[in-house]
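Just below is one structure, and these are the notes that go with it.
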Amino acid sequence: EALVAFPEIVPRVAALVSLAGVVAGSPLADRISDLYAPLLILLGLPTCPPRDFEAIASLRRSTRLAALARAPLPAGVRYFSVGGIVTAEETTRFLRSAHRRLARIDGRNDGQVIFTDTVIPGGTLLGFVRADHWAIAMPIARRTPLATIVDHNAFPREVLLEAIVRAVEEAL
């Protein structure tokens with residue numbers, strides 16, 4: 001989105017990595033209404049204040065697929081993707097029902113996104129990690145007292161990020 005919205009930055013970008021990105025949307029966003037505002041308040045994430053539901057609408061499959069079709073990714077930038085695939089039992093408690101809903105479509109998901117929807121079209125797939133969406137992206141359990149519902153959040157993000165940087169550096 002940033003590369004399309006701000007083309008002036010493209011010459012300064014060599015690579016873009018999507019880490020558990022909702023590249024092609026999520027079927028869950030098609031069904032979510034007012035769930036996320038109370039969730040964001042509950043989690044107490046200071047960088048995600050609940051303002052409106054534009055963010056949720058932007059994650060709908062139809063919205064994301066239309067955006068990908070409307071604006072091709074800028075040439076000259078290398079694209080890389082890392083997604084997650086985890087079983088329902090290995091998913092943090094709060095995401096298990098979402099994992100099961102997605103599993104009706106495809107069991108290979110991270111509790112928020114089906115594995116194929118995390119891959120940037122035309123990019124390089126670096127791989128899939130065995131962790132749920134939150135474990136990959138956010139150290140919630142390190143910063144908040146929500147261990148009862150965020151119970152599978154311990155994940156070696158630093159190791160993953162170092163491996164990604166090394167792989168991208170070598171590819172460039």
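The values are calculated or read from the model by the stated rules, or taken from the named source; none is laboratory data. Predicted, not measured: the structure shown is a model, and the values here were computed from it. As a convention, Cβ positions derive from the backbone with ideal geometry for all residues, glycine included, and neighbour counts pool all protein chains shown. To get the accessible areas, we keep the full protein, side chains included, count just its heavy atoms, and leave off ligands, DNA and RNA. Shrake-Rupley method; radii C 1.70, N 1.55, O 1.52, S 1.80 Å.
Applying 1/(1 + (r/R0)^6) with R0 = 22 Å to the Cβ-Cβ distance of Ala67 and Ile9, what FRET efficiency is obtained, to the nearest 0.05?
On the way: r = 18 Å, r/R0 = 0.81.
Given R0 = 22 Å and the Cβ-Cβ separation, E is 0.80.
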Inset, instruction - Quick one: compute the contact order of the range 76-145, relative version, from alpha carbon pairs under 8 angstrom and 6+ residues apart, as a percent. - result: 41 percent
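Suppose all protein chains stay in the model; what accessible area per residue would a 1.4 Å probe give for the range 78-172, in Å²? Before the final figure, lay out the partial values.
Details: 4940 Å² over 95 residues.
About 52 Å² of surface per residue is accessible.
Could you tell me which trypsin sites (Lys or Arg not before Pro) in the range 87-144 are loop residues by DSSP with no more than 14 other beta carbons within 10 angstrom of their beta carbon? All intermediate terms of the calculation are to be shown ahead of the outcome.
Values: sites: Arg93, Arg96, Arg100, Arg101, Arg104, Arg108, Arg130, Arg142, Arg143; in loops: Arg104, Arg108, Arg130.
Here the sparse-neighbourhood loop sites are Arg104, Arg130.
How much net charge surrounds Leu73 when only other residues with a Cβ under 14 Å from its Cβ are counted (Lys, Arg +1; Asp, Glu -1)? Could the numbers behind the result be given before it?
Details: positive: Arg64, Arg70, Arg78; negative: Glu1.
That works out to +2.
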